[in-house]
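The values are calculated or read from the model by the stated rules, or taken from the named source; none is laboratory data. The structure displayed is predicted, hence computed values, not measured ones. Cβ placement follows ideal geometry from the backbone for every residue including glycine, while neighbour counts extend to all protein chains displayed. The accessibility values were calculated without ligands, DNA or RNA, using every heavy atom of the protein model including side chains. Shrake-Rupley method; radii C 1.70, N 1.55, O 1.52, S 1.80 Å.
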Amino acid sequence: MTLRIGEVFVVGRLPRVTYNARDNRGLEAQMRAYLEDRGTILSVSGATKTGKTVLLRSVAPEAITLSGGTIENISDMWLQIAERLGVWSTVSRTEVLAEGTASGWDAGLNTVISGKRTGASSTESSHESSLVRQLNPAIEARKSLAGNLYELVIDDFHYIDREVQLAIVRGLKDLVFDGLGVIIASVPHRAFDAVRVEKEMTGRVTHLNVAPWSAEELIEIARLGFNALNVLDPGDRLASRLAEESFASPHLMQEFCRRLCRANGVEEAQAEALTLREPSDWREFFEETAADTSKMAFDMLRTGPRQRSDRIRRKLKDGRETDIYGAVLAAIAHTGPKLEIGYEALRSSLRDVLDSEWPQRHEITRVLDQMTQIAREKVEGEPVLEYDDQLSTVHISDPYFAFFLRWGEGGANASP
């Protein structure tokens, strides 16, 4: 059967043809070693859309896998585990009771008079009795997990509120000691949440970092897919250009390769080898891709929260006018954007993009805090941006959002 392009370059699903295990990094080997040894919680960290979930599904396909986005309280976790294990939430017992009575007596006199009297009566009846008992999902799930070599994966652990994270860690700690394999997956700056919320876990959490993808590793995705489709990219020239814009994300690389093939009319494996043509306008190619990525998130952050009064208008050096929210996003984009931006670097970038008075520190940090809240509460999926006030650092967690800042509407490289 002829391979279709959707089977080759896969976005948001487990790739088969273009799966790159990155063997030189030993990620699969380290995870298998953990599942063999156990005794700790394994924290797998890496930027969003860099292959954490694909790695977990590949190495531990039979694991009980939960998403942090579906866990609002500790009961949610236990209930989902109980359902995955097929643990009953209620038990019922029905009894049919039969009753029968018989009575009789003998009387005797040892004197002159003697006699015997017997009397008997019997009744028989039956009735049905049902007992229904509600089981505690947490207790039943723990019973099923205890002593069994199950594997539990909690993806996007950083989505979960800190108080709930603490309850989860405390609830699993003794089960981990008994052999339960527990893997939590998070973005890099939240890799040690399990230790932060529960100091007793120090030394009981093993860390596995899913490092950003190198250009060569991304190019390998293109090679695998192009070979399967029987298309040619001499010298990896086109694949190298795509890798440069992928923000170390295999998801974006898959997206770019699929778009490039379709721009060349390739929908399935070719009967005869076809050499791929370069887009006539790379800027247009990337802008069209950006239009389908994070515009909604960008618009929410640029709009900011509702204000009672109009915000001060600020003029950018490229001629546009915006408010402080638009100015901060323009400054973030002006950095490249980088995926981690310290406050001083952001302030310097604001000076580069603004053609008017620069905002004060408290104004900038207030905007970053508001953007963080909007990204967490209003934008679906992974928070695209997060400001760590303790480290004074802006983290762009989503490479698609970073790509939009570079190539999307009003982005650093977008058409004026």
If you compute log10 I(q)/I(0) by the Debye sum over Cα atoms at q = 0.08, 0.09, 0.14 Å⁻¹ for the structure shown, which of (1) -0.37, -0.47, -1.21; (2) -0.58, -0.70, -1.27; (3) -0.44, -0.57, -1.35 do you land on?
(2)
Charge context of G181, other residues only, Cβ under 9 angstrom, K/R +1, D/E -1
0
Residue-averaged [θ]222 nm for the chain, counting only DSSP H segments that reach four residues, each worth -39500 (n - 2.57)
-12000 deg cm²/dmol
If we count every other residue with Cβ under 14 angstrom of T393's Cβ, Lys/Arg +1 and Asp/Glu -1, where does the sum land?
-3
At a 1.4 Å probe, what is the % contribution of carbon and sulfur to the accessible area of region 317-416?
43
Distance in Å, no decimals, from the C-alpha centre of region 1-72 to the one of region 154-181 is 20
Value of relative contact order over region 168-327, rounded to a whole percent, pairs C-alpha under 8 Å and six or more apart
15
Distance-filtered residues of region 296-335 - backbone nitrogen under 14 Å, label point 7 angstrom along E363 Cα→Cβ
310-316, 322-329
Please compute the Kirkwood hydrodynamic radius over region 319-392, one decimal place, Å, based on all pairs of different Cα atoms.
12.7
Local electrostatic count, E287, Cβ distance below 11 Å [Lys/Arg +1, Asp/Glu -1]:
-3
Defining a contact as two alpha carbons under 8 Å apart and six or more residues distant in sequence, what relative contact order in percent does the chain show?
18
Extension reserve of the E409-S240 stretch, reckoned as 0.36 nm per residue once the Cα distance is removed:
58.4 nm
Can you give the accessible area of V17 in Å² (nearest 10), computed on protein heavy atoms with a 1.4 Å probe?
50
Would you calculate the volume per residue, in Å³, of the smallest convex hull containing every Cα atom of region 160-244?
141
For region 1-65, what does the alpha-carbon gyration tensor say about shape, rounded, prolate or oblate, given a ≥ b ≥ c as the root eigenvalues, a/c under 1.5 as rounded, and a/b over b/c as prolate?
prolate
Which FRET efficiency value, to the nearest 0.05, is calculated for K199 and D389 with the Förster distance at 22 angstrom and r the Cβ-Cβ distance?
0.55
Residue-normalised accessible area of the chain, given per residue in Å² at a 1.4 Å probe
53
Using alpha carbons only, how many degrees (0 to 90, rounded to 10) separate the axis of helix 215-229 from the longest principal axis of the chain?
80
Förster radius 60 Å - calculated FRET efficiency between D178 and E278, Cβ distance, rounded to 0.05:
0.55
Which semi-axes, in whole Å and largest first, does the equivalent ellipsoid of region 206-265 have when worked out from the alpha carbon gyration tensor as the square roots of 5 times its eigenvalues?
23, 11, 11
Equivalent-ellipsoid semi-axes of region 132-279, from the Cα gyration tensor, Å, largest first
46, 19, 13
For region 245-396, take every pair of Cα atoms, bin their distances at 10 Å starting from 0, and report each bin as a whole percent.
9, 33, 30, 16, 8, 3, 0
Calculate how steeply helix 27-37 sits against the longest principal axis of the alpha-carbon atoms of the chain, using the helix alpha-carbon long axis, and give the answer as 0 to 90 degrees to the nearest 10.
20
Measure nothing fancy, just the Cα-based angle from helix 324-334's long axis to the longest principal axis of the chain, in degrees from 0 to 90, nearest 10.
70
